[in-house]
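As structure tokens, the structure follows; a few thoughts come after it.
The values are calculated or read from the model by the stated rules, or taken from the named source; none is laboratory data. Treat the numbers as computed from the prediction; the structure is a model and nothing was measured. Because the Cβ atoms are built from the backbone with ideal geometry, glycine has one as well, and the counts that use them run over all protein chains shown.
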Amino acid sequence: MDVALAGFLTGLSLIIAIGAQNAYVLRLGLARNHVFLAVAICASADALLIAAGVGGLGVLVQAHGDLLTAIALVGAAYLLWFAVRSFRSALRPDVLLPSQQAPQAAAAVALTMLGLTFLNPHVYLDTVLLLGTIGASFGDQRWWFALGAAAASVIWFTGLGFGARLLSPLMARPRTWRILDSAIGVVMLIIAVALIRSAVG
């Protein structure tokens with residue numbers, strides 16, 4: 001159980017950093033738009049990548065720097081598009097409230113969530129390489145580490161997605177949504193620039 005706890009705490013420390021995934025799940029949670037689907041995709045993807053990393057995929061990822069560079073550039077382009085969309089939404093107060101918006105289709109939510117997850121090279125560096133390397137150091141108990149890290153992902157995204165509705169009274173004002181969308185756009189822009197710099201640097 002100590003190994004599982006180590007996995008839980010390590011995984012949680014990596015997941016709670018503000019990023020594209022978290023920002024999008026938070027927005028879906030506030031809008032109450034396919035929250036379970038988004039949480040399920042995030043948690044399942046993390047569990048899959050953690051298991052792959054602990055199982056040895058981290059070594060393969062580390063050996064193919066060109067692949068990570070390509071993923072970084074594609075991911076940066078995707079995040080730049082997402083940032084522009086967020087900024088456009090922030091400039092349109094008439095459609096900011098969830099009651100004034102048509103909810104996103106499940107397919108659109110799923111595709112966006114998968115893109116924000118698998119087109120982000122930090123996912124491979126943190127989840128596959130870092131967690132995989134740390135987990136492998138526990139030898140035969142490495143799968144307990146993986147289980148703990150995966151549990152951290154489930155708990156975090158569930159709390160973020162479904163806990164966001166507690167902020168509903170605050171989110172009943174267009175100004176709040178304008179600030180949120182602007183903040184999400186800034187986060188996406190910063191991550192995109194960082195990805196480009198890491199790819200060409």
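If I filter the range 102-123 for residues that are more than 30 Å from Ala4 (Cα to Cα), buried (at least 16 other Cβ atoms within 10 Å of the Cβ) and modelled with pLDDT under 80, do I get at least one hit?
No.
Which count do you get for residues in the range 43-70 that are crowded, with 18+ Cβ neighbours inside 10 Å, modelled with pLDDT of 70 or more, within 24 Å of Met188 (Cβ to Cβ) and not acidic (Asp, Glu)?
Count: 3.
What residue, of Phe157, Phe145, is assigned to a helix (DSSP H, G or I), under 19 Å from the mean Cα position of the chain (by Cα), under 28 Å from Gly53 (Cβ atoms) and not acidic (Asp, Glu)?
The match here is Phe157.
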